[in-house]
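The values are calculated or read from the model by the stated rules, or taken from the named source; none is laboratory data. Being a predicted model, the structure only gives us computed values, none of them experimental. Positions of Cβ are generated from backbone atoms using ideal geometry, with glycine treated the same way; all protein chains shown enter the neighbour counts. Just so you know, the surface numbers come from the protein's heavy atoms only, side chains and all, with ligands and any DNA or RNA stripped out. Shrake-Rupley method; radii C 1.70, N 1.55, O 1.52, S 1.80 Å.
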Amino acid sequence: MCDQTFLVNVFGSCDKCFKQRALRPVFKKSQQLSYCSMCAEIHILKTMYQREEGGILRFIHLKRKRQYSSSWFHLCSHKANVHQVAERVEALGQFVMKTRRTLKGHGNKVLCMDWCKDKRRIVSSSQDGKVIVWDSFTTNKEHAVTMPCTWVMACAYAPSGCAIACGGLDNKCSVYPLTFDKNENMAAKKKSVAMHTNYLSACSFTNSDMQILTASGDGTCALWDVESGQLLQSFHGHGADVLCLDLAPSETGNTFVSGGCDKKAMVWDMRSGQCVQAFETHESDINSVRYYPSGDAFASGSDDATCRLYDLRADREVAIYSKESIIFGASSVDFSLSGRLLFAGYNDYTINVWDVLKGSRVSILFGHENRVSTLRVSPDGTAFCSGSWDHTLRVWA
């Protein structure tokens, strides 16, 4: 191919997209056309791939990839926000979700919950000092553990579904193996894994049952070996209580994000223990952080009554989800499986559903009779579960 194809000739209207840009000469069936750089490269790729069997499919894939890359480049270089970039995206239609199950059994505020990978079982912890494993289909309790303290602020399911972890004001993270024998004394098999110098605020298994991440009111996060209880890595950088964490959704799982009372959201490298990115745009405590399904961004919910979206590649905040009528803090956030919706639980007893791209609220869910303290989307994306200070959990779909 002639080198002239890659030379900028003049500035004018592209013969392909008709936008005013720098032009390059392109020869198509012996006819010389003036294309912008993006259209020229697409034309070259199309010509190359159409010579191969199935090449047109690969061309379409590459074309879409270029479009997404172009949007991301615009986001990074022009200080635009997600809502501006997504102006031409079609708005979501009518959105309806209802309470399908109500889980009753806790005697006090529900503080945390997590889904099992089997998409059916749920573990929850409460101020009543109990940790309960539920069957979300039947609403039956399958296991119950009474902790040595009240305010069990953190709980998590192991990836295998064979164990749960929990902790709170005891400053520990304890792991309990689960068996089919519902009458077995689970407390006898308890394993104390992590020990902080202040309350345990969050915990999450890594991609195996053998390691667990914890966050604490002592201002640190830590990575522990479950079998030996050995501290593998500690993460120092927050200036106040760490309230939440979330592991990156990748096979390697080498990064995680944390948020705390210092109004900071920090991204950590689990191997080095170093903070690789930090964001400080919230005006109050960050109560919840959750990675976008692709792992390229994360959302946060704060006592400043806003949820925010941070793009890790652009290294900045790219969206704010708020309304003047919302004056209560956001306690918990999570994305739909596609990443188009952001679910947020608030202290005014409601759950707001946001269109991530448009920035608009597409639904508001009522049902809880006290503040919504925790919220998680099921692994298959067909439902989500919320926990509240009204002592109940609700499964929505």
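Yes or no, residue by residue, for (1) part of a strand (DSSP E or B); (2) among the polar types (S, T, N, Q):
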site	(1), (2)
Ser192	yes, yes
Asn198	no, yes
Ala202	yes, no
Ser208	no, yes
Leu213	yes, no
Asp218	no, no
Leu223	yes, no
Ser228	no, yes
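Residues that are touching a Cys at 6+ places or on another chain (Cβ under 9 Å) and more than 22 Å from Pro249 (Cα to Cα): does segment 343-363 have at least one?
Checked against the condition, which is being touching a Cys at 6+ places or on another chain (Cβ under 9 Å) and more than 22 Å from Pro249 (Cα to Cα), segment 343-363 yields at least one hit.
Between Lys104, Lys109, Lys98, Lys117, which is at pLDDT 95 or above, of a type in the set (D, E, K, R) and surrounded by 15 or more Cβ atoms within 10 Å (Cβ to Cβ)?
Lys109
Only one residue in Asp241, Asp209 is touching a residue at least 40 places away in the same chain (Cβ under 8 Å), among the acidic types (Asp, Glu), more than 16 Å from Asp114 (Cβ to Cβ) and open to solvent by 10 Å² or more (accessible area, probe 1.4 Å), so which one is that?
Criteria check complete, one pass: Asp241.
Which residues, counting only those in segment 1-39, are over 43 Å from the mean Cα position of the chain (by Cα), open to solvent by 80 Å² or more (accessible area, probe 1.4 Å) and either of a type in the set (S, T, N, Q) or modelled with pLDDT of 80 or more (or both)?
Gln4, Asn9, Ser30, Gln31, Gln32
When residues of segment 363-385 are filtered for being hydroxyl-bearing (Ser, Thr, Tyr) and assigned to a loop (DSSP other than H, G, I, E, B), how many remain?
Qualifying residue count, segment 363-385: 2.
Run down Gly295, Gly301, Gly273 and say which single residue is in a strand (DSSP E or B) and in the same structural domain as Arg371 (by the TED database).
The conditions single out Gly301.
Tell me which of these Ala91 doesn't satisfy, since it passes every other one: (1) open to solvent by less than 60 Å² (accessible area, probe 1.4 Å); (2) touching a residue at least 40 places away in the same chain (Cβ under 8 Å); (3) assigned to a loop (DSSP other than H, G, I, E, B).
The one condition Ala91 does not meet is (1).
Going by what's in this entry, would Ala278 be described as assigned to a loop (DSSP other than H, G, I, E, B), assigned by the TED database to the domain that holds Arg376 and out of contact with any Ser or Thr (no Cβ under 9 Å at 6 or more places or on another chain)?
no
Can you name every residue in segment 313-349 that is surrounded by 15 or more Cβ atoms within 10 Å (Cβ to Cβ), more than 30 Å from His391 (Cβ to Cβ) and of a type in the set (Ser, Thr, Tyr)?
Selection gives nothing.
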